[in-house]
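Report on one structure; see the data block that follows.
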Amino acid sequence: MVATPGAQGGEQGWSSRMAFILAAVGAAVGLGNIWRFPTLVGENGGGAFVLFYLGCVLLIGMPLMLSEFVVGRAGKSDAVQSASRVAERSGVSRRWRVFGGIEILAGFLILSFYSVVAGWVIYYVWLSGGDFLSNALAGEPFRGAFPDIGQDAVSGMMGALFESPVRLILVHAAFMAVTVWIVASGVHDGIEKAATWLMPAFFALLVCITIYGAFTGDFGRALAFLFTPDFSKLTPPVMNEALGQAFFSLSLGAGGLITYGAYVAKDVNLAPTAATISLTDTAVALVAGLMIFPIVLGVGLDPSAGPALIFQSLPVAFQTMPAGSLIGLLFFILIFFAALTSSISLLEGPTAWAIDRFGLRRPVAAMLLGLLAFLIGVACALGYNVWADVRPLGFWGIFAETDILDTLDGFTGKIMLPLAGLLLAIFVGWKADRRLIEAESGLSGGAFALWRFVVAWLCPAAVSLILLFGLFPGLLTG
Ligand code: PHE
């Protein structure tokens with residue numbers, strides 16, 4: 001008798017299809033949409049990147065998301081165990097479970113640095129909250145943000161945070177603690193409850209701030225920036241970046257989706273659900289662009305500021321905008337909600353695995369794994385100050401210049417997620433029993449044939465090409 005993850009404690013999984021959708025959309029929508037996507041669009045020249053990204057989502061991301069759910073619900077367990085069971089029932093080697101293992105490890109490693117970045121968000125909630133309060137107490141709640149300090153000081157806030165290991169570690173610890181607490185509370189009472197409260201609030205904030213930006217910022221230029229394609233910018237490394245971003249943003253290859261799939265009731269039709277989740281995630285990324293760029297462009301700031309776009313450019317913009325201190329606070333609360341529902345899914349994958357593998361109780365598993373991920377995250381945080389010179393994979397060309405956090409981010413995003421996705425595609429496209437897969441997918445006839453064709457041929461081909469050029473960029477240049 002093998003336990004179902006989450007079954008410890010008498011849980012049965014999601015209480016409705018809507019709860020599943022909210023939890024999975026919560027997993028997908030996160031820092032990837034609001035911090036990483038606009039940053040990448042800004043750095044890679046706008047429209048052409050967006051178009052290529054959309055292609056990746058539709059042709060690779062969406063079919064693979066369905067594959068993850070199918071494996072999860074067919075296996076009804078954590079990522080490793082689910083893969084193993086599907087392999088067994090399909091009469092192929094149980095070694096195929098290795099992709100489940102890569103997924104869980106990837107999710108765990110992503111959690112460790114994700115929590116560090118989410119910690120910055122907490123810090124900014126704190127700063128902008130205090131700022132809004134002091135404005136409100138002064139009787140001017142609708143002033144711009146940080147009225148009493150100069151522009152340099154505002155854009156220097158990020159640097160000041162990064163210089164302080166103690167602050168970085170404290171906010172990282174706070175974020176990880178909240179994540180652990182929710183996962184420890186269980187699938188139904190923790191994860192589902194968090195998603196059903198936080199996601200609607202997130203969407204309300206997203207709509208409000210986007211409308212605010214459209215009226216106070218430069219919406220026309222933002223539209224042009226996001227959607228005018230300049231195909232000369234679309235080099236192979238940029239394509240590589242776009243595919244990696246699609247994996248990251250949709251949470252593919254990181255264990256969470258298989259695990260969430262295991263909690264879905266049999267009567268839920270997985271194919272339209274996977275489509276809904278992928279499209280919602282993509283829409284949120286685009287709307288996030290339409291929320292951020294009008295504000296940034298409206299005050300004449302550089303849209304290609306890189307990772308500092310959110311933490312440096314936006315606070316400067318909020319300084320001069322009407323009600324800037326209120327909007328700034330709401331904006332960082334929005335990112336915090338998005339990051340939290342994602343980090344929950346990052347921790348749930350490894351937690352479900354530890355529960356099944358070692359028979360641990362859920363709170364114990366969540367706490368131990370959260371603590372471990374926290375410690376790795378501490379190294380990432382120190383990589384901005386005391387260990388600023390450390391280059392963990394410095395011997396490897398593509399990682400020669402990257403600090404600890406960026407190395408972990410690059411290694412998981414560029415290598416582990418696509419690798420897990422590649423194996424998943426081969427497994428579902430070629431190895432797994434056709435009837436089993438068909439029954440779980442909710443597709444039939446031509447639609448099923450098309451999906452399986454894409455998973456069997458297109459996904460492996462595209463993902464291997466990207467992996468190849470991601471790992472050996474030299475192949476492209478000469
Ligand atoms: N999709 C999340 C985001 O966009 C990150 C994530 C990756 C979450 C992998 C779970 C698994 O921020």
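Values for this structure:
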| read-out | value |
| --- | --- |
| Members of segment 334-361 that are more than 16 Å from the ligand (Cβ to nearest atom) and surrounded by fewer than 24 Cβ atoms within 10 Å (Cβ to Cβ) | A354, D356, R357, F358, G359, L360, R361 |
| Filter result (open to solvent by 30 Å² or more (accessible area, probe 1.4 Å) and more than 16 Å from V117 (Cα to Cα)) within segment 34-54 | E43, L51, F52, L54 |
| Segments classed as helices (runs of 4 or more DSSP H), wholly inside segment 98-208, with at least 3 members that are within 16 Å of the ligand (Cβ to nearest atom) | 98-137, 165-184 |
| Condition met for L243 (open to solvent by less than 10 Å² (accessible area, probe 1.4 Å), in a helix (DSSP H, G or I) and modelled with pLDDT under 95) | yes |
| Hits in segment 298-309 - residues which are open to solvent by less than 10 Å² (accessible area, probe 1.4 Å) and under 19 Å from F219 (Cβ atoms) | L309 |
| Which numbered condition A388 misses (of (1) in a helix (DSSP H, G or I); (2) within 30 Å of F469 (Cα to Cα); (3) more than 16 Å from the ligand (Cβ to nearest atom)) | (1) |
| Segment 149-188: number of residues that are of a type in the set (D, E, K, R) and touching a residue at least 24 places away in the same chain (Cβ under 8 Å) | 2 |
| Matching residues in segment 35-76 - criterion: being of a type in the set (V, I, T) and over 18 Å from G253 (Cα atoms) | T39, V41, V50 |
| Residue match in segment 338-358 (condition: part of a loop (DSSP other than H, G, I, E, B), without any contact (Cβ under 8 Å) to a residue 24 or more places away in the chain and not basic (K, R)) | no |
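Rundown of residues vs (1) closer than 21 Å to I333 by Cβ; (2) in contact with a helix residue (DSSP H, G or I) (Cβ under 8 Å, 6 or more places away or on another chain), yes/no style:
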| residue | (1), (2) |
| --- | --- |
| G144 | yes, yes |
| G156 | no, no |
| G190 | yes, yes |
| M199 | yes, yes |
| F202 | yes, yes |
| C208 | yes, yes |
| F215 | yes, no |
| F225 | no, yes |
| L243 | no, yes |
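The values are calculated or read from the model by the stated rules, or taken from the named source; none is laboratory data. Keep in mind that this is a model prediction, so the values were computed, not measured. Backbone-built Cβ (ideal geometry, glycine too); neighbour counts: all protein chains shown. The area values use the complete protein model at the heavy-atom level, side chains included, leaving out ligands, DNA and RNA. Shrake-Rupley method; radii C 1.70, N 1.55, O 1.52, S 1.80 Å.
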